[in-house]
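Working notes, beginning with the structure itself.
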Amino acid sequence: MWQQLDEWDRQCFWWLNKAGGHPGAQWWARNLSRSGDGAGYALFAFIAAGYDDRLGPKLLLMLLLAYAIELPLYWLLKTRLRRQRPCQALAGCQARVNPHDKFSLPSGHSAAAFLFATLLAWYIPALAPWGFIWAAGVAWGRVVLGVHYPGDVVAGASLGTCAALVSMSLVI
């Protein structure tokens, strides 16, 4: 079963990676991926905390707690599973960005983006669709750029969403 899932993941990777080969798609993938690098999360959290005296501090606390849950789990999974990145494992695949670390599962960018989108949906429900579209774009960009398989970004998205939901249950 795991072998079949791995084969399906590789086939989906090649399809998405090749479909994103257009220069315009590369530009989007690179910039969406870069937008999930991290500094924007902290900036938004502090602005939100100062903007809304009632919900802002709760959002800041939920973000801090959620990242405190997500980051150790992310590193534990990544260092224990040790899945090679597509650009390392697949002949003919080349990374279009320098990955932050050696292993691919789960995607940290996807985890952080979906964590943020989930808490953004709680804080400003009207922005929920845009937040999740952006998070999906960050995840898509990681595949197009050759540094993650689709399964990596699904695992990351699941991890980030679960961490956000746990933090919400502890704070609210």
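The values are calculated or read from the model by the stated rules, or taken from the named source; none is laboratory data. No experiment lies behind these values; they were computed from the predicted model shown. Methodologically, a virtual Cβ is constructed for each residue, glycine included, from the backbone with ideal geometry; neighbour enumeration extends over all protein chains shown. Note: areas computed on protein heavy atoms with side chains; ligands, DNA, RNA excluded. Shrake-Rupley method; radii C 1.70, N 1.55, O 1.52, S 1.80 Å.
Does TYR51 satisfy the condition of being among the aromatic types (Phe, Trp, Tyr) and buried (at least 18 other Cβ atoms within 10 Å of the Cβ)? Quick ask: steps written out before the conclusion?
On the way: among the aromatic types (Phe, Trp, Tyr): yes; buried (at least 18 other Cβ atoms within 10 Å of the Cβ): no.
In short, no.
Out of all the residues in the range 26-48, which are among the hydrophobic types (A, V, I, L, M, F, W, C) and open to solvent by less than 20 Å² (accessible area, probe 1.4 Å)? Break it down stepwise before answering.
Pass one, the range 26-48, residues among the hydrophobic types (A, V, I, L, M, F, W, C): 27-29, 32, 39, 42-48.
Listed by number, the residues that qualify are ALA29, ALA45, ALA48.
Where helices (runs of 4 or more DSSP H) fall wholly inside the range 70-172, the ranges with 3 or more residues that are of a type outside the set (Val, Ile, Thr) and more than 30 Å from LEU59 (Cβ to Cβ) are 86-89.
Against the conditions (1) surrounded by 13 or more Cβ atoms within 10 Å (Cβ to Cβ); (2) in contact with a Phe, Trp or Tyr (Cβ under 8 Å, 6 or more places away or on another chain); (3) of a type outside the set (Val, Ile, Thr); (4) over 21 Å from CYS162 (Cβ atoms), ASN17 satisfies every one except (2).
Pairing each residue of the range 71-85 that is of a type in the set (Ser, Thr, Tyr) with any residue that is surrounded by 13 or more Cβ atoms within 10 Å (Cβ to Cβ), provided the two are 6+ apart or on different chains, yields C-beta distances under 8 Å for TYR74/PRO106; TYR74/GLY108; TYR74/ALA111; TYR74/GLY156; TYR74/LEU159; THR79/PHE103. Assessment of the range 74-82 against the conditions (modelled with pLDDT of 90 or more, over 17 Å from GLY160 (Cβ atoms), open to solvent by 30 Å² or more (accessible area, probe 1.4 Å) and of a type in the set (S, T, N, Q)) yields at least one matching residue. Residues considered: TRP140, TRP130. Of these, the only one that is open to solvent by 20 Å² or more (accessible area, probe 1.4 Å) and touching a residue at least 24 places away in the same chain (Cβ under 8 Å) is TRP140. Within the range 146-172, residues that are touching a residue at least 60 places away in the same chain (Cβ under 8 Å) and crowded, with 24+ Cβ neighbours inside 10 Å sit with their Cβ atoms under 6 Å from residues that are among the hydroxyl-bearing types (Ser, Thr, Tyr) and assigned to a loop (DSSP other than H, G, I, E, B), at 6+ positions apart or across chains, in these pairs: HIS148/SER104; HIS148/SER107; ASP152/SER104; ASP152/SER107; GLY156/SER107.
Taking the stated definitions as given, is LEU90 surrounded by fewer than 17 Cβ atoms within 10 Å (Cβ to Cβ), touching a Phe, Trp or Tyr at 6+ places or on another chain (Cβ under 9 Å) and modelled with pLDDT under 90? So that I can check it myself, show each step before the final result.
Details: surrounded by fewer than 17 Cβ atoms within 10 Å (Cβ to Cβ): yes; touching a Phe, Trp or Tyr at 6+ places or on another chain (Cβ under 9 Å): yes; modelled with pLDDT under 90: yes.
Here the answer is yes, as LEU90 does meet what is asked.
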